[in-house]
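Coordinate-derived values only; no laboratory data. Remember, predicted model here, so these are calculated numbers, not experimental data. Ideal geometry is used to build each Cβ from the backbone, glycine not excepted, and the neighbour counts take in all protein chains shown.
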2 protein chains.
Amino acid sequence: MTHDSQTWLALSGGVGGAKLALGLVRALEDSSRLMIAANTGDDFEHLGLTICPDIDTLMYTLAGLNNPETGWGRAGETATFMTAVAALGGETWFHLGDGDLATHVARSHRLAAGETLSSVTAALAQRLGIQADIVPMTDDVVRTIVETEGGDLALQHYFVREQCVPRVLGFRYAGGGDAVANSRILERLADTSLGAIIICPSNPYISIDPILAIPGLRRAIEASAAPVIAVSPIVGGHALKGPTAKMMLERGVEPSATTVARHYGDLLDGFIIDEVDEAEAAGIAATGTEVVVAKTVMNDLGDRIALAGEVLAFVERLRGH
Amino acid sequence: MTHDSQTWLALSGGVGGAKLALGLVRALEDSSRLMIAANTGDDFEHLGLTICPDIDTLMYTLAGLNNPETGWGRAGETATFMTAVAALGGETWFHLGDGDLATHVARSHRLAAGETLSSVTAALAQRLGIQADIVPMTDDVVRTIVETEGGDLALQHYFVREQCVPRVLGFRYAGGGDAVANSRILERLADTSLGAIIICPSNPYISIDPILAIPGLRRAIEASAAPVIAVSPIVGGHALKGPTAKMMLERGVEPSATTVARHYGDLLDGFIIDEVDEAEAAGIAATGTEVVVAKTVMNDLGDRIALAGEVLAFVERLRGH
């Protein structure tokens, strides 16, 4: 095992991705060699503050501050702010915990002073004692738009305010085509030390595709010598969290691990599916993607570390060690 | 008594002024006839938010949300935000309660969207069920600077961060000379219904002088037909709260009700001093200012209403009813 001479890059959205990211942090001897390229397509401006839900979930999860009940937000939160916002007639559809608010206020203040999102994220993560590198996919503004039967919705409006109810017609990533990829991610992708590119079990459409929508990032991933390994976010035809399966049905494809593999297509070198989907392994392998069947449902920290171990072992195998 | 056909204008800073303002609200049959011109000289930008300490203290006091222990802030607060700010290495010298933060976030958001401070203040006060009109002295930026032996300090830096320790050399009101007086205050001053201009027992240098530093406001007060009545913030040589007496000593004048009366000078038609300062009444009256001796220390709501009653009775007398 030579993991610790290697570096790593994970592509991640929020809750599901952060679980595997935490597993990787714990499974690696030196977690500072792990870079997590975070989706910023669901960032938004709310009450005048810049909210970065996926970065925050990653930070709180890796710092051990996350609320294990919800997956997002912080443990031990109070809600005095939201109660007061409601009394003032403000918008309450997006919950901001009192402690969580410190992150948004600090970030918004620093962005307004001219700092980049990368710089702010690195500073906040360092203050929280996080060794791994959480890096926004870009410092430019990319916004995921959910095209629904009822019209276009900004991601958080679709996700939180409308509770994923509107029927999805498609997605677009406003600003994605013109966004400049984060240079630190490009450096990592070009580095010969890079052991693997790990696509976390996040929603392909709203967590991973915004990252891949940045042309410079997609090209660099395709050009990288490191294998690309994804973990299926669909288990037994269902998403463990969120609307991935619903979105697949509405787009006319079967919610399955196979659909995820097809979606990523040639990008993938390896794919990890759950034990309950073992029957799909042969079909996916027939397309030229190596498949590993593993326990992918991460109920506790042990599961997260075990799945990370499967990912790292898979990489060893793909690299022919 | 014809109070209720009349309108009223109070000039106020924070804690002490807000106590009398609450008394006036309760003493008047129709508190919507009371306008409170609020000092905004101690407003400041903090963590990217616009904080208006005197407006907030007035709003919370009149809405019954204030913290009676401190005089500022809200009752029933939590401090989760500040704890999280500290963990992120942010500035913690100015305490922002979680519920209080809703006011700052809402205000900052609306100001950034182009609303005036007057409009934001009116909207927030209305949501809190306040009948009286809380009106910022101006929508322009005026900032009280405390000139100290250690250099110039923004008001909140002097007041909160430095705990009023630096020796005061003087004050200036940056932007005051060019600020446009709030038009609603000017209208009230020109209105023949105006019963009196009441200078609340606030700090003359840092709460009332910033208001009087706006040339248009000072001229309109001088030109108004209504009598100007002040309540002394100095009782028995001490300020009931804050650094008024200390500032007087450092500026080489005796901390006394007489010093306050001299400070306001010709502006005053009537002055209310505390019973313990009765010996000063004759001297002040000799300068042509009518004096009333009353209990001015407001320990409870009854005291606030009683002092407001003294003010209103004094007005009646001055107007010759």
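Okay, here's what the table says:
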| item | result |
| --- | --- |
| Qualifying GluC sites (Glu not before Pro) in the stretch B:93-151, DSSP loop, other Cβ atoms within 10 Å at most 11 | B:GLU149 |
| Distance between modelled label sites at A:GLU187 and B:ASP178, nm, 7 Å Cα→Cβ extension | 4.4 |
| With Cα atoms, 0 to 90° folded angle of helix A:53-62 axis to chain A main axis | 70 |
| The stretch A:236-308 and the stretch B:250-292: distance between their alpha carbon centers, rounded to Å | 82 |
| Antiparallel bridge percentage (DSSP; both residues within chain B; nearest 5) | 40 |
| FRET efficiency estimate (nearest 0.05) - Cβ-Cβ, B:ARG218 to A:HIS95, R0 41 angstrom | 0.30 |
| Compactness relative to 2.2 N^0.38 Å, alpha carbon Rg of the stretch B:3-318 | 0.95 |
| HN-Hα J in Hz across the stretch A:36-41 - Karplus 6.51, -1.76, 1.60, θ = phi - 60°, x for Gly and Pro | 10, 7, 9, 5, 10, x |
| Sites B:ALA225 and A:ASP300 - FRET efficiency at Förster radius 56 Å, r taken between beta-carbons, to 0.05 | 0.15 |
| Helix-only CD estimate at 222 nm, as mean residue ellipticity for the protein assembly as shown, using -39500 (n - 2.57) per DSSP H run (n ≥ 4) | -10500 deg cm²/dmol |
| Rounded FRET efficiency, nearest 0.05, which uses the C-beta distance separating B:THR287 from A:ARG127 and R0 of 51 Å | 0.30 |
| For the stretch A:3-318: relative contact order, % (alpha-carbon pairs under 8 angstrom, 6 or more apart) | 20 |
| For B:ARG262, B:ARG167, order by how many other beta-carbon atoms lie within 10 Å, fewest first | B:ARG167, B:ARG262 |
| Chain A: angle of helix A:98-112 to the longest principal axis, Cα-based, in degrees nearest 10 | 90 |
| Acute angle (nearest 10 degrees) that the helix B:301-318 long axis makes with the longest principal axis of chain B, alpha-carbon atoms | 40 |
| Antiparallel bridge percentage (DSSP; both residues within the protein assembly as shown; nearest 5) | 40 |
